[in-house]
Amino acid sequence: MRYARMIYSPLESVVYRLKEAVERVIRERYGLEESVRIEEEKKYGDFSFKCFSLAKAIGERPDKMAEAVKLGLEREHLPFVESIDAVGGYVNFKLNIPELAKMTFEAISKLRDKYGFNPAPSVERIIVEHTSANPIHPLHVGHLRNCCLGDSLARLLELRGHDVSRHFYVDDVGLQVAYAAYGYSKLGMPEPSMKPDHFIGYVYACTYNIVETISIRRRLEELKREQEFEEYKSLVSRLDEVLGVLSRLKKKSPETFDKLLDRISSEVDPEKEIAKINRLYEKKDPSVVDIVRKTVLTCLKGIKETLERLGVFFDSWDWESEVVWSSLVQEVIGRLRTTEFVAYKQGALILKAEEAARALNLKELLSIPIKYEIPDMVLIRSDGSTLYTTRDIAYTILKFKNAEKVVNVIGVEQKLAQIHLKIALSILGFMKEVKNLVHYAYEQVKLSRVRMSSRRGVIVTIDDLIEEAKSRALLEIEQRARVLSYDEKLSIAEAIGIGALKYSMLSVSPTKPIVFDWKRVLDFTQNSGPFLQYAYVRAYNILAKSSEGESILGCKVDTRLFASKEERDLLKHLSKFPAVVAKAADDLRPDYITEYVNDLAKMFNLFYDNYPVLSAEETLRKARLKLVASTALVLRNVLTILGIKPITRM
């Protein structure tokens with residue numbers, strides 16, 4: 001394992017050997033078998049060992065112990081340590097950068113594009129389910145955060161050696177899909193007149209609001225007859241709002257809108273027909289299966305186009321209807337019915353979640369406050385149809401047949417649904433699965449002056465964001481690279497725009513909301529996708545102008561020539577990369593990677609601005625060129641983790 005650490009993670013190897021040496025000295029000096037921590041230190045060296053707690057335990061003065069440990073370590077053979085100092089109760093280590101550089105360059109030279117791969121002590125089969133948008137409208141800005149997080153998490157987990165499978169759950173069961181299918185069928189299911197997912201999203205919004213208008217008008221007639229004027233006034237206000245939405249929707253595609261309005265208005269009871277589609281599809285009735293499937297597939301075609309543009313792929317597209325039709329949902333409900341935690345309430349079958357959580361002692365396991373009263377979960381509506389979370393119980397059981405761990409990338413607003421899911425699984429005896437089921441919650445993306453609603457047809461789509469980012473990036477490129485052809489500029493603008501969007505989604509902790517700001521997203525000077533891409537372009541161009549190019553990675557250089565603080569910092573940061581990957585993967589935190597690479601880009605720019613490479617004396621030129629090549633490779637590997645395309649011109 002020590003050899004593996006040295007090959008895969010140079011700095012971890014150094015820390016591991018320091019830890020062994022300190023533990024050996026403590027064992028020999030004090031006769032103690034202690035596991036110690038070696039921590040990063042920035043003021044008095046590179047790493048340190050704190051003696052305070054151990055010294056207190058044996059009645060020794062911390063400063064005296066530190067001095068004793070230092071003396072013991074000086075008798076050890078530690079080629080990777082330049083100096084050891086005892087200060088107070090601390091033992092501080094300054095690394096031998098030439099030795100660390102050798103180790104780092106060896107690892108980078110051997111692993112190349114796999115540098116960063118840092119296998120976990122034990123590997124698992126892991127399913128990462130992400131994006132899983134309702135197939136009734138285009139992907140929007142909220143899905144972008146989900147998509148970027150899920151894709152990056154999968155890449156990180158693979159770098160730990162895990163067997164990762166990416167899943168998209170096609171939520172094709174439910175009233176929303178029934179609305180879209182109903183509207184699309186009323187049009188005769190034509191070829192879309194725009195991007196397929198945008199078309200289905202438009203049909204869904206029109207259908208929903210037309211049906212709501214009909215429903216409101218009928219209710220107003222009833223209230224007028226019953227002389228219920230308070231509710232009447234409220235509904236008139238709501239009708240005005242919906243009519244305003246319809247007016248806006250009509251302007252987008254008048255012909256499609258008028259067909260829908262005419263054909264839906266001629267129906268006796270559209271809501272009843274939509275409910276019937278929903279109910280029959282859940283039962284796999286042939287009269288509606290083709291209608292719903294064609295609607296969903298049409299929308300998915302457009303969604304897949306967007307995902308391809310983002311460079312995101314899936315290993316499995318799991319249809320919710322297939323889960324329902326497999327009878328597993330009914331089996332789950334049947335097993336839950338036999339327990340004391342299920343009852344009927346107003347015609348609906350409910351799961352008494354709070355009662356179950358207390359009886360099975362689940363609150364501590366699920367990190368639920370003891371005083372929080374968990375609401376009941378509806379398993380089956382009074383009309384006999386199931387709910388999303390009910391179906392999700394069966395889907396989760398299926399996922400665990402092919403994985404030891406499941407990571408569900410789902411918004412924080414679904415916290416209660418995920419709690420209900422885990423309680424239901426616990427009742428059914430799937431305790432091991434509950435412990436290995438991760439709700440990877442993330443906060444919302446906030447846009448100024450925009451309140452999204454797919455029902456009202458108001459969403460900021462990923463397609464729109466990409467086009468806007470591309471246009472803004474193109475303006476910047478026009479000023480920087482006038483010699484490029486227009487097609488080259490467009491291609492670069494696309495890569496920069498998408499990279500900027502992805503970085504903005506990944507650089508903030510998932511527990512914090514993102515306030516979307518174009519100035520920050522496309523800031524070429526700091527902490528952004530374009531900032532990283534520009535650093536890579538700088539490094540690439542130095543290599544392109546040299547005779548060796550990236551082949552310098554296989555050449556031996558004199559690492560003693562790295563004398564400046566900037567060179568030392570850059571080398572140490574390069575050696576740290578695999579350790580950061582391991583922590584980011586284990587903690588499921590892609591933002592650790594963005595923080596790392598932002599620092600790397602800043603360090604490289606500082607080096608670039610102050611130290612000549614190609615014009616330096618020959619031995620120094622080669623040493624610095626290898627440092628540049630190593631930096632370029634790590635930048636490229638990090639960009640791959642983030643799903644950002646490296647570019648060579650800007």
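Okay, here's what the table says:
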read-out	value
V242 of a type in the set (V, I, T) and not in a helix (DSSP H, G or I)	no
Considering residues of the range 390-414 that are in contact with a Lys or Arg (Cβ under 8 Å, 6 or more places away or on another chain) and not in a loop (DSSP other than H, G, I, E, B) only, the residue surrounded by the fewest Cβ atoms within 10 Å (Cβ to Cβ)	K405
Residue check, T594 modelled with pLDDT of 95 or more, among the hydroxyl-bearing types (S, T, Y) and within 20 Å of C555 (Cβ to Cβ)	no
Qualifying residues in the range 469-493 (those that are free of Cβ contacts under 8 Å to residues at least 40 places away in the same chain and among the acidic types (D, E)) - the one nearest to F524 (Cα to Cα)	E478
Any hit, the range 274-295, residues being under 35 Å from the mean Cα position of the chain (by Cα), under 30 Å from L501 (Cβ atoms) and either assigned by TED's automatic domain parsing to the domain that holds E191 or of a type outside the set (K, R) (or both)	yes
Among the residues listed as S507, S471, S491, S453, the single one being modelled with pLDDT of 95 or more and closer than 30 Å to K251 by Cβ	S471
Residue selected from the range 541-572 under the condition of a type in the set (S, T, N, Q) and in a helix (DSSP H, G or I), by the criterion farthest from L635 (Cα to Cα)	T559
Total residues in the range 573-596, condition in contact with a Leu (Cβ under 7 Å, 6 or more places away or on another chain), part of a helix (DSSP H, G or I) and either of a type in the set (G, A, S) or over 16 Å from L100 (Cβ atoms) (or both)	9
Filter pass, T559 being closer than 28 Å to M505 by Cα, β-branched (V, I, T) and in the same structural domain as K622 (by TED's automatic domain parsing)	no
Test for E322: is it part of a helix (DSSP H, G or I) and of a type outside the set (F, W, Y)	yes
Test for E74: is it surrounded by fewer than 16 Cβ atoms within 10 Å (Cβ to Cβ) and assigned by TED's automatic domain parsing to the domain that holds I7	yes
Any hit, the range 252-269, residues being part of a helix (DSSP H, G or I), touching a Cys at 6+ places or on another chain (Cβ under 7 Å) and either hydrophobic (A, V, I, L, M, F, W, C) or modelled with pLDDT under 95 (or both)	yes
Selected residue (only one of L351, L360, L425 is buried (at least 20 other Cβ atoms within 10 Å of the Cβ), more than 27 Å from L149 (Cα to Cα) and either of a type outside the set (V, I, T) or in contact with a helix residue (DSSP H, G or I) (Cβ under 6 Å, 6 or more places away or on another chain) (or both))	L351
Within the range 524-549, considering residues that are surrounded by fewer than 16 Cβ atoms within 10 Å (Cβ to Cβ) and touching a helix residue (DSSP H, G or I) at 6+ places or on another chain (Cβ under 9 Å), the one farthest from D599 (Cα to Cα)	E548
Some residue of the range 78-98 being buried (at least 16 other Cβ atoms within 10 Å of the Cβ) and part of a helix (DSSP H, G or I)	yes
Residues located in the range 280-310, provided they are surrounded by fewer than 17 Cβ atoms within 10 Å (Cβ to Cβ), part of a helix (DSSP H, G or I) and either in contact with a helix residue (DSSP H, G or I) (Cβ under 6 Å, 6 or more places away or on another chain) or not β-branched (V, I, T) (or both)	P286, S287, D290, R293, K294, L297, K301, E305, E308, R309
Filtered residue count, the range 514-525, keeping only those that are farther than 20 Å from T461 by Cβ, part of a loop (DSSP other than H, G, I, E, B) and in contact (Cβ under 8 Å) with a residue 12 or more places away in the chain	1
Test: residue in the range 550-566 that is closer than 30 Å to R472 by Cα, of a type in the set (V, I, T) and either in contact with a Lys or Arg (Cβ under 8 Å, 6 or more places away or on another chain) or without any contact (Cβ under 8 Å) to a residue 12 or more places away in the chain (or both)	no
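Listed here are the residues, each with its yes/no results for (1) modelled with pLDDT under 95; (2) touching a strand residue (DSSP E or B) at 6+ places or on another chain (Cβ under 7 Å); (3) assigned by TED's automatic domain parsing to the domain that holds D569.
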site: E23; (1), (2), (3): no, no, no
site: R37; (1), (2), (3): no, no, no
site: K42; (1), (2), (3): yes, no, no
site: K50; (1), (2), (3): no, yes, no
site: A57; (1), (2), (3): yes, no, no
site: R61; (1), (2), (3): no, no, no
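The values are calculated or read from the model by the stated rules, or taken from the named source; none is laboratory data. Everything numeric in this text was worked out from a predicted model, so none of it was measured. Note: ideal-geometry Cβ built from the backbone for every residue, glycine included; neighbour counts use all protein chains shown.
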